[in-house]
Amino acid sequence: MRPLTEEETRALFEKLAKYVGENIQLLVDRPDGAYCFRLHKDRVYYLSERILKMATNIPREHLVSLGTCFGKFTKTQKFRLHITALDYLAPYAKYKVWVKPGAEQSFLYGNHILKSGLGRITESTAQYQGVVVYSMADVPLGFGVAAKSTQECRKVDPMAIVVFHQADIGEYIRHEETLT
């Protein structure tokens, strides 16, 4: 487990900024203590510095994971966000999308959100902006990328895609052997 390099930190923060904007600072400087990001086997973990100090007693080869996995770096050094980061991104999300109850299951199976399944969308959401997807009962379901801006969503036909699927809580079941 090592600190992120400058390029890795930049890639991580650029990806997080798509979803939470300038609220990234709230993830690091929390009232319950200081938190940090660490890299272990191409995966980025989010953990408190208190736990990090305790983990120094464990040899690297015996360490499987520590803290919450936020995502991983691909072989081309691009950062891919995992669904395990949803609980930390949802409270600070800048742009949100709510889906109708009939479209929840489709999204949880890994499909994009169509205009017909769109319940509400945050005002002034830009095209290709990262959004957190909620049910109408305000339960975070996953995150994606807005395929259309808020203004365009009002004019498109019901079968047009408005949010591209990135990750959802159904992945816990579909990909449980690869999530750490």
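Charged neighbours of T84, selected by a Cβ distance under 11 Å, balance to 0 (K, R count +1; D, E count -1). The residues of the stretch 34-180 expose, per residue, 54 Å² of accessible area to a 1.4 Å probe.
The coefficient of translational diffusion for the stretch 9-90, derived via Stokes-Einstein from the alpha carbon Kirkwood radius under 37 °C and 0.692 mPa s, stands at 245 µm²/s. Net length available on complete extension from I51 to E6 is 13.9 nm, with 0.36 nm assigned per residue and the Cα-Cα distance removed.
From the alpha carbon centroid of the stretch 115-165 to that of the stretch 75-111 is 11 Å. Between beta-carbons, use under 10 Å as the cut-off and find the net charge around T122, counting Lys and Arg +1, Asp and Glu -1. That works out to +2. For E22, E152, the ranking by accessible surface with the largest value first comes to E22, E152, using a 1.4 Å probe.
Sites counted here are chymotrypsin sites (Phe, Trp or Tyr not before Pro) in a DSSP loop (not H, G, I, E or B) having no more than 15 other Cβ atoms within 10 Å; the longest part of the chain that contains none of them is 1-108.
From the residues I51, F143, T84, which one has its Cα farthest along the dipole of the chain in the positive direction, the dipole being from +1 and -1 charges on Cβ of Lys/Arg and Asp/Glu about the Cα centre? Of the listed residues, the answer is F143. Remark: spin-label model distance R154-V64 equals 5.2 nm, labels positioned 7 Å along the Cα→Cβ axis. Okay, helix-only estimate at 222 nm for the chain: each DSSP H run of n ≥ 4 adds -39500 (n - 2.57), divide by all residues, round to 500 deg cm²/dmol; what do you get? Rounded to the nearest 500, the figure is -7000 deg cm²/dmol.
Computed over all pairs of different Cα atoms, the Kirkwood value for the hydrodynamic radius of the stretch 48-127 is 16.2 Å. Magnitude of the charge dipole for the chain, about its Cα centre and with charges confined to Cβ atoms of Lys, Arg (+1) and Asp, Glu (-1), is about 240 debye.
In degrees, nearest 10, range 0 to 90: what is the angle between the Cα axis of helix 6-20 and the longest Cα principal axis of the chain? Relative to the chain, helix 6-20 is tipped by roughly 30 degrees. Considering only protein heavy atoms and a 1.4 Å probe, what is the carbon-and-sulfur percentage of the accessible area of the chain? Answer for the chain: carbon and sulfur cover 53 percent of the accessible area. The alpha carbon radius of gyration of the chain, expressed as a multiple of 2.2 N^0.38 Å, is 1.10. Under 25 Å of direct C-alpha separation, and excluding same-chain neighbours fewer than eight residues apart, K100 reaches these lysines: K18, K115, K148, K155. For the stretch 1-46, the equivalent ellipsoid derived from the alpha-carbon gyration tensor has semi-axes of 18, 15, 8 Å in decreasing order.
The values are calculated or read from the model by the stated rules, or taken from the named source; none is laboratory data. Computed from a predicted model, the values in this text were never measured in an experiment. Neighbour counts run over all protein chains shown; Cβ positions are idealised from the backbone, glycine included. SASA here: full protein model, heavy atoms, side chains in, ligands and nucleic acids out. Shrake-Rupley method; radii C 1.70, N 1.55, O 1.52, S 1.80 Å.
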